[in-house]
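First comes the structure, then the notes that go with it.
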Amino acid sequence: MDIIVVSHTRGRTWRFKFAPAHILSWMPVALVGLLVCGVGFAAGFLVRGGSTSLLPDRLAGKWSQELIAQRTELARTRVMAEENTEALSRRIAQLNAHIIRLDAAGQRLTEIAGLERGEFDFGSAPAIGGPEMPDTVATDFSGDPVLSSIAAIERKLGDRERQMHVLEDLLLASRLQKQVRPSGWPIENGYISSVFGVRTDPFTGRMSRHDGIDFAGPSGSSVVAVATGIVTVAGPKIGYGNLVEINHGNGYVTRYGHNERITVKVGDRVMKGQQIAAVGSTGRSTGPHVHFEVSLNGRPVNPARYIEAAR
């Protein structure tokens, strides 16, 4: 058998003669070469797991599963972040609504307390200041709008809290002032039988000074304190009969005379409207009534202004 090889570029030909004897002699060598190539191919196929890819299937599958898990976790985290952001935004809106209501309530309390307009402005921050200390650490939330909103709400709540504390103190002081300032009648039922000032003395018929107001009422009916205070006198006193005297502080003292009996004792703390005695006609009296006096800083004043203050 002849094999002719032709080269067009060189213009030459080569002839190879193969006799059957030569082919048979080369057969073992060719078989050995084919066997070696087959064994190598099989070994590579087994190492790669029977795959034609560049990476082993086991490693590629593990990476693929890890990638899927990471993507799933990322998606879950994103959903949670979006839900948390939405919930936080709703909460911020609720807090802002609470602040608006707090401002309205504070403004209403300011009006009820009778404070001057502008003294407590719940629509703006209270006036505060002072030098900046060197160890002050400033926190900047400008990069995150949600955190900036939270910081703004915290500042507003802090401002309102300070204002509400001051207003509460003022209201408490005002309430205490009202409690200790005499106002109202010392009896529950009755009428005014004699006023403050110069009058005709019922016993001598001459003009004399009357330092209180007389309230006529049913004998044995309740005599009540017109303000909160401490009992300083509870017993007989010349001209007053059975007398109760109460010190209310701030220079105010009230007296209740001619009582039938006394239901408190010296040192007792009495509240406004509390019963302290019963209407009687003890001492220098012409009938059941209460002689009611108010003194301010040791000087008698007309109780009429305090009586009318409760109406």
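The values are calculated or read from the model by the stated rules, or taken from the named source; none is laboratory data. All values derive from a computational prediction rather than experimental measurement. For neighbour counting, all protein chains shown are included, and Cβ atoms are generated from backbone atoms with ideal geometry for every residue, glycine included. These area figures cover heavy atoms from the full protein model, side chains too; ligands, DNA and RNA do not enter into them. Shrake-Rupley method; radii C 1.70, N 1.55, O 1.52, S 1.80 Å.
Segment Lys237..Arg269, full-extension length gain: 9.4 nm, with 0.36 nm per residue of separation and the alpha-carbon distance subtracted.
For Tyr191, the solvent-accessible surface with a 1.4 Å probe is about 140 Å², rounded to the nearest 10. Per residue, the accessible area of region 254-306 comes to 47 Å² when a 1.4 Å probe rolls over the protein heavy atoms. For region 285-294, the Karplus equation 6.51 cos²θ - 1.76 cosθ + 1.60, evaluated at θ = phi - 60°, returns couplings of 8, 9, x, x, 6, 10, 8, 10, 10, 10 Hz by residue, with Gly and Pro reported as x.
Of the residues Phe203, Phe215, ranked by 1.4 Å probe accessible area with the largest first, the sequence reads Phe203, Phe215. Extension gain for the segment Asn302 to Met207, taken as residue separation times 0.36 nm less the Cα-Cα distance, is 32.4 nm to one decimal. Calculated FRET efficiency, Leu34 to Arg12, Cβ-Cβ distance, R0 = 51 Å: about 0.95 to the nearest 0.05.
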